[in-house]
Amino acid sequence: MMVGKYLKRCPICGGAIRHTKTAYVIGRVVVEPELEADACVKCGEEFYTAEQVARAQEKATKLGLWAPRLEEERELKQIGGSLMISIPRPIVKALGLSPHEKVRILLTDKGLSIVKKK
Ligand SMILES: [Zn+2]
């Protein structure tokens, strides 16, 4: 959770706050091994300031953690009640997709994913 500086009480459970060092992790990569943070003694929630998060995110961008490997813009087309997108050729090639192949469409907290079936 991101907060302003120097909390006295946990905004979630009201527990005491202790200053600590913690690892800031995105996915499975440790971006900052020792990020200073406030942590709740009771529920364990960690609190970072905007500057700390900005610094960690800048580092993550430099590490290429957030850069999409391929990105293209597409317009949605309507087919009945569904919407359809075409998959751009570079992505078709990168995934080795072929017509009539079945893929899985997943909605996750990171957005929409299309996964090739094995
Ligand atoms: Zn708490």
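Taking amide H atoms as placed 1.01 Å from N in the peptide plane, list the residues 5 or more away in sequence, or in a different chain, whose amide H sits under 5 Å from that of THR49.
So THR49 has HN proximity to VAL3.
Leaving out ligands and nucleic acids, and using a 1.4 Å probe, what accessible area per residue does the chain come to in Å²? Don't jump to the answer; show the numbers that get you there.
Values: 9510 Å² over 118 residues.
Per-residue value: 81 Å².
How much mean residue ellipticity at 222 nm does the chain get from its helices, if each DSSP H run of length 4 or more adds -39500 (n - 2.57) and you divide by all residues, to the nearest 500 deg cm²/dmol?
-5000 deg cm²/dmol
What are the GluC sites (Glu not before Pro) within the range 26-92 that DSSP puts in a loop, where the Cβ has at most 10 other Cβ atoms within 10 Å?
When the GluC sites (Glu not before Pro) of the range 26-92 are filtered for loop state and at most 10 Cβ neighbours within 10 Å, GLU71, GLU73, GLU75 remain.
Along the positive direction of the dipole of the chain (beta-carbon charges: Lys, Arg +1; Asp, Glu -1; about the Cα centre), which of ALA50, VAL31, ALA94 reaches farthest?
Of the options given, the answer is ALA94.
Which value in nm describes the separation of the simple spin-label points at VAL53 and LEU95, placed 7 Å from the Cα toward the beta carbon?
3.1 nm
I'd like the carbon and sulfur percentage of the solvent accessible area for the chain, probe radius 1.4 Å, heavy atoms only, ligands and nucleic acids excluded.
The C+S portion of the solvent-accessible surface of the chain is 54 percent.
What's the extension gain from ILE114 to LYS77 if we count 0.36 nm per residue and subtract their Cα-Cα distance?
11.6 nm
If exposed means no more than 14 neighbouring beta carbons inside 10 Å and the site is in a DSSP loop, what's the longest run of the chain without any exposed chymotrypsin sites (Phe, Trp or Tyr not before Pro)?
7-65
If R0 is 41 Å, what FRET efficiency do you get for MET84 and GLU36 from their C-beta distance, rounded to 0.05?
Taking R0 as 41 Å, the efficiency between MET84 and GLU36 is 0.30.
According to the square roots a ≥ b ≥ c of the eigenvalues of the Cα gyration tensor, what is the shape class of the chain, taking rounded for a/c under 1.5, prolate for a/b larger than b/c otherwise, and oblate for the remainder?
On the way: a/c = 3.18, a/b = 2.36, b/c = 1.35.
Since a/c reaches 1.5 and a/b is larger than b/c, the shape of the chain is classed as prolate.
Among LEU35, LEU97, LEU65, determine the one that fluctuates most according to a GNM of the chain built with springs between C-alpha atoms less than 10 Å apart.
Maximum among the listed residues: LEU97.
Tell me, what ³J(HN,Hα) does each residue in the range 73-85 have, in order and in whole Hz, if you take phi through Karplus 6.51 cos²θ - 1.76 cosθ + 1.60 with θ = phi - 60° and put x for Gly and Pro?
For the range 73-85, the Karplus-derived couplings read 9, 9, 9, 7, 10, 8, 9, x, x, 9, 10, 10, 10 Hz, x marking Gly and Pro.
Please state the relative contact order of the chain as a whole percent: Cα pairs under 8 Å, 6+ residues apart? Walk me through the numbers before you get to the answer.
Numbers: 136 pairs, mean separation 18.8, N = 118.
That works out to 16 percent.
Percent relative contact order of the range 77-116, based on C-alpha pairs within less than 8 angstrom and at least six residues apart?
25 percent
So what's the angle, to the nearest 10 degrees on a 0 to 90 scale, between helix 50-62 and the longest Cα principal axis of the chain?
40 degrees
Among VAL30, VAL103, VAL92, which one moves the most in a GNM of the chain with springs linking Cα atoms closer than 10 Å?
Looking only at VAL30, VAL103, VAL92, the largest GNM fluctuation is found for VAL103.
The values are calculated or read from the model by the stated rules, or taken from the named source; none is laboratory data. Since this is a predicted model, take the numbers as computed values, not measurements. Don't worry about glycine lacking a Cβ; one is built from the backbone with ideal geometry, like all the others, and counts go over all protein chains shown. Areas reflect the complete protein model, heavy atoms only, side chains present, ligands, DNA and RNA absent. Shrake-Rupley method; radii C 1.70, N 1.55, O 1.52, S 1.80 Å.
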